[in-house]
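Read the figures in this text as sums done on the coordinates, not as results from a lab. As the structure is a prediction and not an experimental result, all values here were calculated from the model. Quick reminder, even Gly has a Cβ in these numbers, built from the backbone with ideal geometry, and neighbours come from all protein chains shown.
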Amino acid sequence: MPRLTSRFWVDAYLARLRLADIPAFVVVHGDDTGGVVLVKLNTLDGSATLFQRTFDLMTDTRVWSELAAGPEPDVDAAVARQRGFDPDLWVIEVEDRAGRHLLDQDGLA
């Protein structure tokens, strides 16, 4: 199976969110071909959770794991730290009071 580019994955993820009426925005545009993607879930109550895609060695699969959670300014600081390490990084902000992000759906890992 061919490797999907970061840009293709981001576009597909945003389309899936739109179909579920979940607002989302690219807040940091990374490298189209290979940038790491972070997803910030903003529950619009002052809290947020930051997810990153990782590789689970036990199951030999990609999974989304929580990188940071808590007050939104703390999560934003975690994003800023990650951007300092990786200038090719993508950041997508999902805004949903119910906490939906769809990262647990098939095809998004």
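Test of understanding: in a Gaussian network model of the chain with alpha carbons linked when under 10 Å, which of PHE85, PHE51, PHE25 would top the mean-square fluctuation ranking?
PHE85
Using the Kirkwood radius over Cα pairs, work out the Stokes-Einstein diffusion coefficient for the chain at 37 °C and 0.692 mPa s, in µm²/s as a whole number. Working shown, then result.
On the way: Rh = 14.2 Å.
The Stokes-Einstein estimate is 231 µm²/s.
Rounded to the nearest 0.05, what FRET efficiency do THR5 and ASP106 give with R0 = 35 Å and r taken as the Cβ-Cβ distance? Could you check?
On the way: r = 20 Å, r/R0 = 0.56.
With R0 = 35 Å, the Cβ-Cβ based efficiency is 0.95.
Given the options LEU38, GLY84, VAL94, identify the residue whose Cα lies farthest towards the positive end of the charge dipole of segment 24-95 (+1 on Cβ of Lys, Arg; -1 on Cβ of Asp, Glu).
Farthest along the dipole direction, towards plus: GLY84.
Within segment 9-109, report the trypsin sites (Lys or Arg not before Pro) that DSSP leaves as loop and that have at most 10 other Cβ atoms within 10 Å. It would help to have the intermediate numbers written out before the result.
On the way: sites: ARG16, ARG18, LYS40, ARG53, ARG62, ARG81, ARG83, ARG97, ARG100; in loops: ARG97, ARG100.
Answer by residue number: ARG97.
Among THR49, THR61, THR54, THR43, what is the fewest-to-most ranking by other Cβ atoms within 10 Å? Don't jump to the answer; show the numbers that get you there.
On the way: THR49 19, THR61 10, THR54 13, THR43 16.
In order of increasing Cβ crowding within 10 Å: THR61, THR54, THR43, THR49.
Stretch GLU95-ASP56 to full length: gain in nm at 0.36 nm per residue minus the Cα-Cα span? Please list the in-between numbers first.
Numbers: separation 39, 0.36 × 39 = 14.04 nm, distance 2.70 nm.
Full extension of this stretch gives 11.3 nm more.
Taking R0 as 35 Å, what's the FRET efficiency between ALA69 and THR33 from their Cβ-Cβ distance, rounded to 0.05? All intermediate terms of the calculation are to be shown ahead of the outcome.
Working: r = 30 Å, r/R0 = 0.84.
FRET efficiency, ALA69 to THR33: 0.75.
If you put +1 on each Lys and Arg Cβ and -1 on each Asp and Glu Cβ, how big is the dipole of segment 24-95 around its Cα centre, in Debye rounded to 20? Show your work: numbers first, answer last.
On the way: 5 positive and 13 negative charges, 21 e Å.
Value, rounded to 20: 100 debye.
Under the rule of at least 5 residues apart or a separate chain, name every residue whose amide H is placed under 5 Å from the amide H of VAL27.
Hits under the 5 Å cutoff: VAL91, ILE92, GLU93.
If you take every DSSP beta bridge fully contained in segment 24-95, what fraction is antiparallel? Give it as a percent rounded to 5. Kindly include the intermediate steps, with their values, before the conclusion.
Values: 19 of 25 bridges.
Given both bridge residues lie in segment 24-95, the antiparallel proportion sits at roughly 75 percent.
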